[in-house]
1. Looking only at residues that are in contact with a helix residue (DSSP H, G or I) (Cβ under 9 Å, 6 or more places away or on another chain) and aromatic (Phe, Trp, Tyr) in segment 50-91, which one is nearest to Ile7 (Cα to Cα)?
2. If I filter segment 40-49 for residues that are modelled with pLDDT under 95, in contact with an Asp or Glu (Cβ under 8 Å, 6 or more places away or on another chain) and over 20 Å from Ile7 (Cα atoms), do I get at least one hit?
3. Could you please tell me which pairs satisfy a Cβ distance under 8 Å, a separation of 6+ or placement on different chains, a first residue in segment 13-38 that is of a type in the set (S, T, N, Q) and surrounded by 10 or more Cβ atoms within 10 Å (Cβ to Cβ), and a second residue that is at pLDDT 90 or above and assigned to a loop (DSSP other than H, G, I, E, B)?
4. Select from segment 39-57 the residues that are on the phi > 0 side of the Ramachandran plot and surrounded by fewer than 12 Cβ atoms within 10 Å (Cβ to Cβ) and list them in ascending order.
5. Taking Asn26 and the conditions (1) at pLDDT 95 or above; (2) within 13 Å of the chain's Cα centre (by Cα), which numbered condition does it fall short on, given that it satisfies the others?
6. Name the single residue, out of those in segment 72-109 being closer than 15 Å to Ile11 by Cβ and basic (Lys, Arg), that is surrounded by the most Cβ atoms within 10 Å (Cβ to Cβ).
7. How many residues, within segment 55-76, are more than 10 Å from the chain's Cα centre (by Cα) and under 14 Å from Gly110 (Cα atoms)?
8. Look at Gly69 and say whether it is in contact with a Phe, Trp or Tyr (Cβ under 7 Å, 6 or more places away or on another chain), surrounded by 11 or more Cβ atoms within 10 Å (Cβ to Cβ) and small (Gly, Ala, Ser).
Amino acid sequence: MTAEHKIQNDIRVALSKHQCTVFRVNVGNVKTADGRFFSAGVPSGHPDLYGFRWSDHQVFYIEVKNEKGKPRADQIRFHEMLTKREIIHGIARSTGDAVKIVEEGLIGYGFKYNSETK
């Protein structure tokens, strides 16, 4: 099984070759000097990658999953929010999926509620 991190890096390279700027999202919990924790980064459920097409400056979001990966509840909620606003986004399990999502301007690609994603 391919690691999601490798798929993510391959997608970043592939989309860059297709005239896109792509950003990787970093999140995590940080412990302060006085022992408190806080969450750093984007909201829960935010996709792994986001960017824009150079041709029309259209924004897109990509959630990266390996062959068996399933979206979490918070990722599905984020997908629903993006869908309502007709924003290009989807689940990419390969560079081909990511290029398809972005080039075709797909909304919600891979978020089908079937036996694979439940």
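1. Of all residues in segment 50-91, those in contact with a helix residue (DSSP H, G or I) (Cβ under 9 Å, 6 or more places away or on another chain) come to 51, 53, 58, 60-66, 69, 71, 87-91.
Filter once more, keeping what is aromatic (Phe, Trp, Tyr): 60-61.
Details: Phe60: 17, Tyr61: 15 Å.
Looking at the filtered set, the residue picked out is Tyr61.
2. yes
3. Gln19/Trp54; Gln19/Ser55; Thr21/Trp54
4. If the condition is that a residue be on the phi > 0 side of the Ramachandran plot and surrounded by fewer than 12 Cβ atoms within 10 Å (Cβ to Cβ), then His57 is the only one that fits.
5. With (1) at pLDDT 95 or above; (2) within 13 Å of the chain's Cα centre (by Cα) applied to Asn26, the lone miss is (1).
6. Arg93
7. 8
8. On the way: in contact with a Phe, Trp or Tyr (Cβ under 7 Å, 6 or more places away or on another chain): no; surrounded by 11 or more Cβ atoms within 10 Å (Cβ to Cβ): yes; small (Gly, Ala, Ser): yes.
Spelling it out, it is not the case that Gly69 is in contact with a Phe, Trp or Tyr (Cβ under 7 Å, 6 or more places away or on another chain), surrounded by 11 or more Cβ atoms within 10 Å (Cβ to Cβ) and small (Gly, Ala, Ser).
The values are calculated or read from the model by the stated rules, or taken from the named source; none is laboratory data. Every value quoted in this text rests on a predicted model; they were computed, and no experiment measured them. Counting neighbours? That spans all protein chains shown, and the Cβs are built from the backbone with ideal geometry, glycine included.
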